[in-house]
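The values are calculated or read from the model by the stated rules, or taken from the named source; none is laboratory data. Treat the numbers as computed from the prediction; the structure is a model and nothing was measured. Note that we place each Cβ from the backbone using ideal geometry, even for glycine, and neighbour counts take in every protein chain shown. Surface areas here come from the heavy atoms of the whole protein model, side chains and all, with no ligands, DNA or RNA. Shrake-Rupley method; radii C 1.70, N 1.55, O 1.52, S 1.80 Å.
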Amino acid sequence: ATRRGGNASGKVMLPVRNNFVETGIDLMHNSQTFAYNDPANDFSGERKLGVTQFMVPLTYSIGILRQNHPEGLFQIKLGYAAQYNLFAVSDGHGEMPDYNTNSFSNGATFGLSTTPFRLNNGRKLGFFVDGYRGTRAYEDFYNQPGFEIPGTAFIKYGIIFQF
């Protein structure tokens, strides 16, 4: 099971007509635990993974509800993200399957953001939620390249402070 993790990012929004191209760098960390209890294949035990990912997203944001907000009250974004993955793997006692990790992964990203609060100094405050669906970063007996099992995926949410 994947546990909650943390995320920090810095991004730049470049205007393109009435919308934006957004890019930057994200740093995300989470922990996962795989429990193996498969007597038929002689696997038992627990494997813990700490996963740190450096991501470079490239998205196109479309503003909606522009009456009082020139950039749109909400921004819908679609795009691509490339990831560099660092794994810390710790195996407990028992017999567990061999595994491989992939340092690089990539996939589609999408999200929704809003910055409805305008501060006196011209800065903005808001919220975001982003999703990602990408290629496989971890392989073992139960998650082999030939299987049609999902690759990496996440949903993250947080606060936006815009300069």
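Does region 110-128 contain at least one residue that is closer than 23 Å to residue 43 by Cβ and either assigned to a strand (DSSP E or B) or touching a residue at least 24 places away in the same chain (Cβ under 8 Å) (or both)?
no
Looking at residue 9, is it open to solvent by less than 60 Å² (accessible area, probe 1.4 Å), of a type in the set (Gly, Ala, Ser) and under 30 Å from residue 143 (Cβ atoms)?
Spelling it out, it is not the case that residue 9 is open to solvent by less than 60 Å² (accessible area, probe 1.4 Å), of a type in the set (Gly, Ala, Ser) and under 30 Å from residue 143 (Cβ atoms).
From 27, 78, 14, 86, grab the single residue that is open to solvent by 40 Å² or more (accessible area, probe 1.4 Å), under 26 Å from residue 156 (Cα atoms), in contact with a strand residue (DSSP E or B) (Cβ under 6 Å, 6 or more places away or on another chain) and free of Cβ contacts under 8 Å to residues at least 12 places away in the same chain.
So the residue among 27, 78, 14, 86 that is open to solvent by 40 Å² or more (accessible area, probe 1.4 Å), under 26 Å from residue 156 (Cα atoms), in contact with a strand residue (DSSP E or B) (Cβ under 6 Å, 6 or more places away or on another chain) and free of Cβ contacts under 8 Å to residues at least 12 places away in the same chain is 14.
Can you find even one residue in region 48-60 that is open to solvent by 70 Å² or more (accessible area, probe 1.4 Å), polar (S, T, N, Q) and either touching a Phe, Trp or Tyr at 6+ places or on another chain (Cβ under 6 Å) or closer than 30 Å to residue 115 by Cα (or both)?
No: region 48-60 contains no residue that is open to solvent by 70 Å² or more (accessible area, probe 1.4 Å), polar (S, T, N, Q) and either touching a Phe, Trp or Tyr at 6+ places or on another chain (Cβ under 6 Å) or closer than 30 Å to residue 115 by Cα (or both).
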